[in-house]
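Student: Dropping a structure here in structure tokens format, bear with me for questions.
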Amino acid sequence: MLIIGLDPSLSCTGWGIVAKSGNRLSHVANGQVRTDPAAALAERLVTLDRELSDVIARYQPDRGAVEEVFVNANPQSTLKLGQARGVCLLALARAGMPVAEYATRLVKKAIVGTGGAEKAQVQAMLKVLLPGVALTGADAADALAVAITHAHLLRA
């Protein structure tokens, strides 16, 4: 079973795909979708949708998971994050796969053992859980963590 995890952002959405076979996990791919900050919001959302749809078509994951929105101090940033997250949910649902959502603290707890873990701790654990993984960036690492969390919490 292939699981795609997404770490939504309007500027740089991370994606990561893991294969689950019984209790075994292996890295398939990871990457980031960047949008042009000078482009109009609608154009940036279209870019995000197109790029994610291409990744989904290329790897054909069976299940998807998306990190939940956290509230920023800046309400405008929170709204933009929510719009990018909506595109992520739509891209996965349109592909016909079940989609789960996980809070950041739950993802950190599933990967590191504590919900207050730092990004560096999450990335270090990813290298233990997925030996040889080459992370394309912090957002891709977060997305892989979301995918692994989903794999751990699946009953099947």
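The values are calculated or read from the model by the stated rules, or taken from the named source; none is laboratory data. Source: prediction; values computed, not measured. Cβ coordinates were reconstructed from backbone atoms using ideal geometry, including for glycine residues, and neighbour counts include every protein chain displayed.
Student: Looking at GLY82, is it farther than 14 Å from ALA143 by Cβ, small (Gly, Ala, Ser) and at pLDDT below 95? Before you say what the answer is, go through the steps one by one.
Tutor: Working: farther than 14 Å from ALA143 by Cβ: yes; small (Gly, Ala, Ser): yes; at pLDDT below 95: yes.
Spelling it out, GLY82 is indeed farther than 14 Å from ALA143 by Cβ, small (Gly, Ala, Ser) and at pLDDT below 95.
Student: Any residue at all in the range 139-148 that's surrounded by fewer than 17 Cβ atoms within 10 Å (Cβ to Cβ) and within 21 Å of SER21 (Cα to Cα)? Talk me through it step by step, then tell me what you get.
Tutor: Filtering the range 139-148 down to residues surrounded by fewer than 17 Cβ atoms within 10 Å (Cβ to Cβ) leaves none.
So far as the range 139-148 goes, no, none of its residues is surrounded by fewer than 17 Cβ atoms within 10 Å (Cβ to Cβ) and within 21 Å of SER21 (Cα to Cα).
Student: Looking at (1) touching a helix residue (DSSP H, G or I) at 6+ places or on another chain (Cβ under 9 Å); (2) closer than 27 Å to GLY132 by Cβ; (3) among the small types (Gly, Ala, Ser), which is the one condition that is false for ALA57?
Tutor: The one condition ALA57 does not meet is (1).
Student: Further, regarding this structure: Taking the range 114-138 only, how many residues are part of a loop (DSSP other than H, G, I, E, B) and buried (at least 18 other Cβ atoms within 10 Å of the Cβ)? Can you show your working first?
Tutor: Pass one, the range 114-138, residues part of a loop (DSSP other than H, G, I, E, B): 114-118, 130-137.
Those still in the list that are buried (at least 18 other Cβ atoms within 10 Å of the Cβ) too: 117, 130, 133, 135.
Qualifying residue count, the range 114-138: 4.
Student: Can you pull out every residue in the range 68-87 that is within 18 Å of LEU41 (Cα to Cα) and without any contact (Cβ under 8 Å) to a residue 60 or more places away in the chain?
Tutor: Listed by number, the residues that qualify are ASN74, PRO75, GLN76, SER77, THR78, LEU79, GLY82, GLY86.
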